[in-house]
Amino acid sequence: MSYIQGETGDWEIVIGLEVHAQVISNAKLFSGAATAFGAEPNSQVSFVDAAFPGMLPVINERCIEQAVRTGLGLKAQINLHSVFDRKNYFYADLPQGYQISQYLQPIVGKGEIVLDLPDGSSRTVGVTRLHLEQDAGKSLHDQHPAKTYIDLNRSGVALMEIVSEPDMRTAEEAGAYVRKLRSILRYLGTCDGNMEEGSMRCDVNVSVRKPGAPFGTRCEIKNVNSIRFVMQAIEYEARRQIEIIEDGGKIDQETRLWDTTKFVTRSMRSKEEAHDYRYFPDPDLLPLELDAEWVEEIKRTLPELPDDKKARFIGEYRLSPYDADVLVSEKARADFFEAVAKGRDPKLAANWVTGELFGYLNKAGKEIEESPVSAENLGGLIDLIADNTISGRIAKEVFEAMFETGEKPADIVEKKGLRQVTDTGAIEASIDAVLAANADKVAEFRSGKDKLFGFFVGQVMKATQGKANPALVNEILMTKLKG
Amino acid sequence: MTGLTHLTMAAALDGLAKKEFTAVELTEAHVKAVETIRPLNAFITETPEQALTMAKASDARRAKGEAGPMEGLPIAVKDLFCTKGVPTTAASHILDGFKPEYESTVTSNLWRDGAVMLGKVNLDEFAMGSANITSHHGNVISPWSPGEVGNWSRQLVPGGSSGGSAAAVAARAALGATGTDTGGSIRQPAAFTGIVGIKPTYGRCSRWGVVAFASSLDQAGPMTRTVEDAAIMLRSMCGFDPKDSTSVDMAVPDFRTALTGDIRGLKVGIPKEYRVEGMPAEIAAIWDQGIAWLKEAGAEPVEISLPHTKYALATYYIVAPAEASSNLARYDGLRYGLRVEGASLKDMYENTRGAGFGKEVRRRILIGTYVLSAGYYDAYYNKARQVRTRIKWDFDEAFKQCDVILTPTAPSTAFAIGEKMDDPIQMYLNDVFTVPASLAGLPGMSVPAGVGSDGLPLGLQLLGRPFDEETVLRVGQVIEKAAAVTATPPFMA
């Protein structure tokens, strides 16, 4: 446990997260309108989404399937009977005047997420529930000095609200939770997890307490849209609450906002101003009844999820838990690694993928999917090392060229003449030249200054532009020096 | 050819088939009739040009041998059904200027089967009312009102909320009209104006494109002058619609073939709880008369009990406003209809909804919001849902002992405008016999059964098992024939 040090001693943060994840589907939750991000405002709006008179919602089966898939991925209870309710409130970007959501009977019940913490340990966080609901439209306040414009493209898009138990105790855990959840959703193909585009958003519930004491009063920080902000908001909010309590005050339950420019949380509305949503079952929709066999079918099509993959990578490839974590965090990374590792030394493959490749990608701000170096080519590079065509050192140079040009390693080696010299005659000639030019150092070495061996190797490599096979250089050099 | 407007649908179909007249002639006669009955304020929007265009197309189809089941029949459409390119108002100020870009499923079905649209008829605002006095477009006057046209000695209400539909059909300005029934809005006006009105089982008619009042109760149905016509029109209106999740995927029978007149051995349930205290003698008398007619035709009356009947009205007036308060939230001035600007979004909402909704609609929104509020939800809305289930069970039990249920449709004949208007509870009592079947989702029909001491129509109501409209129609026709009501409204086109 890591506690926050206050004036009156240690404090523990209690964190629960509500994540809104936009469902990947071509059509909206209750209408046939398209869902693509970034379209012209109000170009993806049906009469249902705009709540025209007499329009009725019809459940999109694809969205239900995605929610069930997600539930199964979270090892959660799938509720074969669930109910859609109306959550009533007025806002300009909510055309119906209510959001169709699920309240008392959600489609998915209790599940869990295993967090992989930086120290290599793991921790299980409970998932309370997952329910489906409609997204609202967007208010555009910056189009006109006095007016607000409404874009309804997002209105009616399916969201999964995934609610955690208040099981997290540090900002890092909360960050790990969001990362892990996002990873699972991406593996499942149920949400793209793109927080910048708003397809994944977090409401963060934070309270503080003395270790072992009952839960304190919580504040909810709405709509936090990056993992970094989630962590910063928790840190700030916890300290704010501790200060208030230590100064003799008490926490008011309220909804707050994270100010991304001032790095503070601000009050949005108090408990007294909270909406009375007047939830009731939507009479336009019958309760949702799922067929157990259909759920089983979905279960059979689930991909291998990060936890299982990690275990397999450790077992099958003998990777360290850390490397395995890094590789499985995204399915595309894991797939890339496996393609490289196939028929090769997995440890070497992992080193090249997590070291060189991720380093270059990071610097270039690229995702694995955009990597100029294909798995096939990286594998080819490793093969060139294995068959002594190039040395590991030269391989780094080749990799750099591969990253720049996307060319095959063998072509680069040929073009740049980087093929390793294994011709003992040529190596011997180079060594002889080096020894001749450094007769004084040879004498020093022979009188016992062993450390100079490295110097000679360096000189030989320099003379051969690094292409000499290091093992041969070592061997011949040693023989000649000792001779 | 004014005689054309007095035909039944069945007779008109016959005449069209025999080429005694064309759909254009039939429609022209009705277009004129619509003009004639303008003093009744039954229509909000007349569509004579569209009617004639549709009639011409209908004649062309018939000539090609492609006549549909309602080919060439001019009808009126309750202005709660969205009609493409034709203003749809729900009789509310808040839908000013709203012209849908889509056609409701029910009206699409009617046009598919050859019907011709005469126009959009008046109703209570958002179908909330029992007298057609809450319309923003003014009240509808019953063609049964005594005295000189336009200078009536007593302005009677046509009932509601489908008052314009009832008045237009009773006054011979349309062969039939669509209605919608949430708690009795087809059956009670049918009874008040001496016509037939059937609300089918919930789920028979698609609600897609019908302006919603209370989604779990709303159901469309036909209003016609005979049971046979109701059977014809109902068949065209019904049918599964994937766009309405509560629509039921069941074959639609040819209801006309159910009209055999043979009800021998049928058990007719007479619910004892419907003999409400203070029931006027003539209502009790017509009910007894109905029982006698059915007995004569070979049916067997059985007393049944629907013990939760006394809670039905209260339950209805919680459930319906609760749903309405949410359904009407979309009328916010933002996307269509009336907008009254304000300094802030909240001001705009308040200005728009304050100006756009009439008093009765505002009352029901307030009631609905209240019964769904935290702290009151369990006592009202949840309790009402539980009682609703009990009411449904009552019917399930009753239908183990009988095949159809007979009751009066309304507790009185039509009243005059101005009466019962200060006290909403008095007004709500009009629905006492009709709401239980609405809550249970059962088919219900009102059939003309006679006239009261004031010379005004009285109706009897038949309730059936879910999706057994056929028995309801068959028994209804037996009553219709036995009653053989000859009285007609003093004012007809």
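Annotations for the structure displayed:
- Selection from the range A:266-305 of residues that are modelled with pLDDT under 95 and either charged (D, E, K, R) or in a strand (DSSP E or B) (or both): A:Arg266, A:Ser267, A:Met268, A:Arg269, A:Ser270, A:Lys271, A:Glu272, A:Glu273, A:Asp276
- Within the range B:303-330, considering residues that are among the hydroxyl-bearing types (Ser, Thr, Tyr) and assigned to a helix (DSSP H, G or I), the one nearest to the other protein chains (Cβ to nearest Cβ): B:Ser326
- Restricting A:Gly212, A:Gly249, A:Gly198 to residues that are assigned to a loop (DSSP other than H, G, I, E, B), under 22 Å from A:Glu330 (Cβ atoms) and out of contact with any helix residue (DSSP H, G or I) (no Cβ under 6 Å at 6 or more places or on another chain) narrows the list to A:Gly198.
- Test: residue in the range B:229-237 that is in contact with a Ser or Thr (Cβ under 9 Å, 6 or more places away or on another chain) and in a loop (DSSP other than H, G, I, E, B): no
Rundown of residues vs (1) part of a loop (DSSP other than H, G, I, E, B); (2) under 29 Å from B:Ala23 (Cα atoms), yes/no style:
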| residue | (1), (2) |
| --- | --- |
| B:Phe126 | no, no |
| B:Thr134 | yes, no |
| B:Ser165 | no, yes |
| B:Gly203 | yes, no |
| B:Ser206 | yes, yes |
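- Residue satisfying condition, being in contact with a Gly (Cβ under 7 Å, 6 or more places away or on another chain) and either surrounded by fewer than 16 Cβ atoms within 10 Å (Cβ to Cβ) or not polar (S, T, N, Q) (or both), within set A:Ala468, A:Ala463, A:Ala410, A:Ala436: A:Ala410
- Of all residues in the range B:1-44 being part of a loop (DSSP other than H, G, I, E, B) and under 23 Å from the mean Cα position of the chain (by Cα), the one that is surrounded by the most Cβ atoms within 10 Å (Cβ to Cβ): B:Ala42
- Residues that are crowded, with 17+ Cβ neighbours inside 10 Å and aliphatic (A, V, I, L, M), drawn from the range B:53-63: B:Met54, B:Ala55
- For the range A:208-225, filtered to residues that are out of contact with any Ser or Thr (no Cβ under 6 Å at 6 or more places or on another chain) and crowded, with 19+ Cβ neighbours inside 10 Å, the residue that is farthest from A:Ile162 (Cα to Cα) is A:Val208.
- When A:Thr261 is tested against the conditions (1) within 30 Å of the chain's Cα centre (by Cα); (2) not in a loop (DSSP other than H, G, I, E, B), the lone failure is (2).
- Any chance A:Glu367 is under 25 Å from A:Pro303 (Cβ atoms) and not hydrophobic (A, V, I, L, M, F, W, C): yes
- Residue tally, condition crowded, with 19+ Cβ neighbours inside 10 Å and more than 10 Å from chain B (Cβ to nearest Cβ), over the range A:46-82: 18
- Index of the failed condition, B:Ser373 passing every other in (1) part of a helix (DSSP H, G or I); (2) within 21 Å of B:Ala214 (Cα to Cα): (1)
- Positions within the range A:226-244 being crowded, with 16+ Cβ neighbours inside 10 Å and without any contact (Cβ under 8 Å) to a residue 40 or more places away in the chain, in sequence order: A:Ser226, A:Phe229, A:Ala233, A:Tyr236, A:Glu237, A:Arg240, A:Gln241
- Of all the listed residues (A:Gly448, A:Gly458), the sole one being surrounded by fewer than 13 Cβ atoms within 10 Å (Cβ to Cβ) and in a helix (DSSP H, G or I) is A:Gly458.
- Screening the range A:363-407 for residues that are basic (Lys, Arg) and either at pLDDT 90 or above or buried (at least 20 other Cβ atoms within 10 Å of the Cβ) (or both) and picking the one that is nearest to the chain's Cα centre (by Cα) gives A:Lys366.
- Of the residues in the range B:100-110, at least one is more than 14 Å from every other protein chain (Cβ to nearest Cβ), of a type outside the set (Val, Ile, Thr) and outside any strand (DSSP E or B).
- Output for the range B:430-479, where each listed residue is farther than 30 Å from B:Val319 by Cα, assigned to a loop (DSSP other than H, G, I, E, B) and hydrophobic (A, V, I, L, M, F, W, C): B:Leu456
- Residue among A:Asp252, A:Asp259 that is closer than 22 Å to A:Arg201 by Cα and assigned by TED's automatic domain parsing to the domain that holds A:Leu29: A:Asp259
- Given (1) over 22 Å from B:Arg465 (Cα atoms); (2) in contact with a strand residue (DSSP E or B) (Cβ under 7 Å, 6 or more places away or on another chain), number of the condition B:Gln401 does not satisfy: (1)
- Conditions (1) at pLDDT below 95; (2) in contact with a Cys (Cβ under 6 Å, 6 or more places away or on another chain); number of the one not met by A:Val230: (1)
- One residue stands out in the range B:184-233 among those that are more than 12 Å from the chain's Cα centre (by Cα), hydrophobic (A, V, I, L, M, F, W, C) and more than 14 Å from every other protein chain (Cβ to nearest Cβ): the one that is nearest to B:Ala484 (Cα to Cα), namely B:Val227.
- Test for B:Phe240: is it surrounded by fewer than 24 Cβ atoms within 10 Å (Cβ to Cβ), aromatic (Phe, Trp, Tyr) and within 14 Å of chain A (Cβ to nearest Cβ): yes
- Residue count, the range A:323-373 (criterion: assigned to a loop (DSSP other than H, G, I, E, B) and out of contact with any Ser or Thr (no Cβ under 6 Å at 6 or more places or on another chain)): 11
- Top-ranked residue of the range B:139-180 - restricted to ones that are among the hydroxyl-bearing types (Ser, Thr, Tyr) and touching a strand residue (DSSP E or B) at 6+ places or on another chain (Cβ under 6 Å), ranked as surrounded by the most Cβ atoms within 10 Å (Cβ to Cβ): B:Ser165
- Verdict on A:Glu289 being under 29 Å from A:Gly193 (Cα atoms), within 14 Å of chain B (Cβ to nearest Cβ) and acidic (Asp, Glu): yes
- Among (1) modelled with pLDDT of 95 or more; (2) within 19 Å of B:Ala281 (Cα to Cα), the one test that B:Thr389 misses: (2)
- Selection within the range B:186-199 - touching a Lys or Arg at 6+ places or on another chain (Cβ under 8 Å) and either part of a loop (DSSP other than H, G, I, E, B) or more than 14 Å from B:Ala230 (Cβ to Cβ) (or both): B:Ile186, B:Ile195
- Search result, residues across the range B:64-93 that are surrounded by fewer than 24 Cβ atoms within 10 Å (Cβ to Cβ) and either touching a residue at least 24 places away in the same chain (Cβ under 8 Å) or facing chain A (nearest Cβ under 10 Å) (or both): B:Ala67, B:Gly68, B:Pro69, B:Glu71, B:Val86, B:Pro87, B:His93
The values are calculated or read from the model by the stated rules, or taken from the named source; none is laboratory data. This one's a predicted model, so the numbers in the text were calculated from it and none came from an experiment. Backbone-built Cβ (ideal geometry, glycine too); neighbour counts: all protein chains shown.
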